[in-house]
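Note sheet for the following structure.
None of the figures in this text is laboratory data; all of them are computed from the coordinates on show. This is a predicted model, so every value here is computed, not measured. No Cβ is skipped: glycine too gets one built from the backbone with ideal geometry, and neighbour counts run over all protein chains shown.
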Ligand SMILES: [Zn+2]
């Protein structure tokens, strides 16, 4: 803990001076914060843009073809700059008949450099070769080669000096993998202009540590150079490293925000699950399985950085309670359960094609004609110990709650009536148990096996019964927003049969729905997902994939199931300092311990309706196209003010976040709410009501 605190103190000291500039030339100038990104043709530009998209930081991408291009207008007057920073990917270089060089001309570099000095704009070069333009040279390995490494050969990388980008809140010295990211180990040749910020460890013929990234100050022109390729589409390392240059190039002052949300949703609560391995067995969690997760959630939050608030969200199927309660009731002298049976039906005929669109009005009712309303008594529902356990407020409030439908009927071919009963029976049951009085999402639903999302009758039944936000499945691309994965999917008549439903993205994991043990999920991973190795290898895979999403600021929750919470009669597992039991605990510990090893970021959970609103707000905000113009003090020694504006006459239906490296307050008209979580940088959420909102910086 004292280690974290001392890092925090360093962060604050450095942040106070982050917007201090010593450059008289910039005095009185104003600069649009838009980042100019120059990238080669092809798909690689994604690695330079995805991080800015993640934060919501405005940028302009210019793809430079081999034949070259004209640069956009860098400044519209001597005192008004159009770009807050310049990022160049892979030096926009091409092969000119065996001669590799940049498609930008000398004159264009000169113009970019002059702009940097005149407006205090920083330049980032990603995937660049170490040479005099970054005060460095390539290290020659003991076998005479340069560059590293062959496929799947490891050379670890770590930040060594994070004082240039304190608001990124990364951990110095924590290593990350560079496997399959080609890079050039470097050395500094000009120590007057150049300082090391990251290093490569020794590997193979590189017998000494070497430099991975530097910051240069060439007579006031500031540059950061990374000697490693970036691949944010598959590399967790690239998604991690990007926070250093994003915070450095912006000086920690930008439109946008960094938040880490980790949602773990547990489907099928109260149902019994047939297990994948050993086959023929079933498991239904008991209170002794769920109970340890209460203390464990508290423990997680004490170990996460200040400002964290992680919790587990439960998706309930009330009929699972009633099945158990009515079975117990049969054996009692006075059975309190009327009707004496839960809801049962024959297995519905469904389409083998998950994305089949059901014709409106087709299908047959599977539910019995009676009961038409939920009518079991509380005394009946309470016969089941699991349901009773959740009714204790202290137990209930350790989790969030939502509906997973009453019986878990496959809804792909379902009727309106059946779909409606699945909702309003469960609503009555959730109310009877008092679960809707806790952290509850009344407009939320986890569709059973994510069925019904191409069934217009079902979607109408959901909307008619107050359900607006349903969970999707990221393994099915048609359930994700095709334009922007920071937005949710809006249902349409053409694709879903009915419009107006919000479909939230959610990640499946290698912790499978039909597994309660390490052996089971490892077996299923091996059999169905080309997994190779032991349970530890499965966890390493999950750690890599999940941190890639989290470092990419993806807020999509993760899918789990009731059997994954089994904590009794299973082997313990040690993750770092923690010995835990359930597959859910093991997975969460694996992910959060990796996040806290590499960053100081708080980790939060939002209940389902709130995370859906977060996605909707993000979409509304993006449509407002917010941007920031900042102003240098007359003496050019600091950034003194910043003004946020939006297209559409400075109106926006949602607040616009502006992140500051130090203190800030609204000056002049307008208003903003202050968001200060743990040791994170200050975020001011500006209300756009017809005027720009201006801040003065402390
Ligand atoms: Zn389910």
Subject >> At R0 = 45 Å, FRET efficiency that the Cβ-Cβ distance of residue 571 and residue 187 yields, to 0.05 >> reply: 0.40
**OP:** Take segment 241-358, drop everything but the C-alpha atoms, weight them equally and run the Debye formula without solvent; then report log10 I(q)/I(0) at 0.19 Å⁻¹ to two decimals.
**Re:** -1.18
Subject >> Rg and Dmax of segment 583-649, Cα atoms only, in Å >> reply: 19.4, 59
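Nearest 5 is fine: what % of DSSP beta bridges in the chain come out antiparallel, could you say?
Working: 69 of 114 bridges.
Around 60 percent antiparallel, to the nearest 5.
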**OP:** Sticking with the crude label model, points 7 Å out along Cα→Cβ, report the distance from residue 385 to residue 478 in nm, one decimal please.
**Re:** 4.5 nm
Subject >> Part-to-part distance (alpha-carbon centres) for segment 353-377 and segment 151-166, which is given in Å >> reply: 55 Å
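What Kirkwood Rh does segment 264-609 have if only Cα atoms enter the pairwise 1/r average? Answer in Å. All intermediate terms of the calculation are to be shown ahead of the outcome.
Details: mean 1/r = 0.0481 Å⁻¹.
It works out to 20.8 Å.
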Original post:
For a label point 7 angstrom out from the Cα of residue 528 toward its Cβ, which stretches of segment 299-337 have the backbone nitrogen within less than 12 Å?
Top reply: none
Original post:
At what distance in nm do the modelled label points of residue 219 and residue 493 sit from each other, each positioned 7 Å from its Cα along Cα→Cβ?
Top reply: 6.7 nm
**OP:** Taking 7 Å along the Cα-to-C-beta vector as the label spot, tell me the residue 286-residue 665 distance in nanometres, rounded to one decimal.
**Re:** 6.1 nm
**OP:** Quote to one decimal, in nm, the extra length available between residue 272 and residue 109 on full extension: 0.36 nm per residue of separation minus the C-alpha distance between them.
**Re:** 52.1 nm
**OP:** Could you list the residues of segment 571-591 with an amide nitrogen less than 13 Å from a label point located 7 Å from the Cα of residue 519 in the Cα-to-C-beta direction?
**Re:** 571-572
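With the contact rule set at Cα under 8 Å and sequence spacing of 6 or more, what percent relative contact order holds for segment 148-284?
Working: 200 pairs, mean separation 27.5, N = 137.
Contact order relative to length: 20 percent.
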**OP:** Take each of the peptides 483-494, 419-430, average the number of other beta-carbon atoms within 10 Å over its residues, and list them starting from the highest.
**Re:** 419-430, 483-494
Subject >> Distance between segment 211-230 and segment 624-698 - C-alpha centres, whole angstrom >> reply: 29 Å
**OP:** Find how much the distance from residue 651 to residue 638 grows on full extension, using 0.36 nm per residue of separation minus their present alpha carbon separation; answer in nm with one decimal.
**Re:** 1.8 nm
Subject >> Relative packing of 585-597, 370-382, which averages over residues the other C-beta atoms within 10 Å, highest first >> reply: 585-597, 370-382
Original post:
Efficiency by 1/(1 + (r/R0)^6): what FRET value for residue 132 and residue 172, r their Cβ-Cβ distance, R0 = 22 Å, to the nearest 0.05?
Top reply: 0.20
**OP:** Name all residues of segment 642-664 having a backbone nitrogen under 11 Å from the label point set 7 Å from the Cα of residue 80 along its Cα→Cβ direction, giving them as ranges.
**Re:** none
Original post:
If you find the alpha carbon centre of segment 270-305 and of segment 328-347, how far apart are they in angstrom?
Top reply: 27 Å
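What full-extension length gain, to one decimal in nm, is calculated for residue 424 and residue 25 as 0.36 nm per residue of separation minus the Cα-Cα distance?
Working: separation 399, 0.36 × 399 = 143.64 nm, distance 6.72 nm.
Gain in length upon complete extension: 136.9 nm.
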Original post:
Hey, what did segment 510-591 get for relative contact order, percent, Cα under 8 Å, at least 6 apart?
Top reply: 36 percent
**OP:** Take every Cα-Cα distance within the chain, group them into 10 Å bins from 0 onward, and report for each bin the whole-number percent of pairs it holds.
**Re:** 3, 14, 22, 23, 18, 12, 6, 2, 0, 0
**OP:** Only bridges with both residues in segment 34-252 count here: give the DSSP antiparallel percent, nearest 5.
**Re:** 60 percent
Original post:
Within the P(r) computed for segment 307-390, what percentage of the Cα pairs occupies the region above 16 Å?
Top reply: 65 percent
Original post:
How large is the Kirkwood hydrodynamic radius of segment 34-252, in angstrom, based on all distinct alpha carbon pairs?
Top reply: 17.6 Å
**OP:** At q = 0.18 Å⁻¹, work out log10 I(q)/I(0) for segment 352-510 with the Debye formula, treating every Cα as an identical point scatterer and leaving solvent out; two decimals please.
**Re:** -1.11
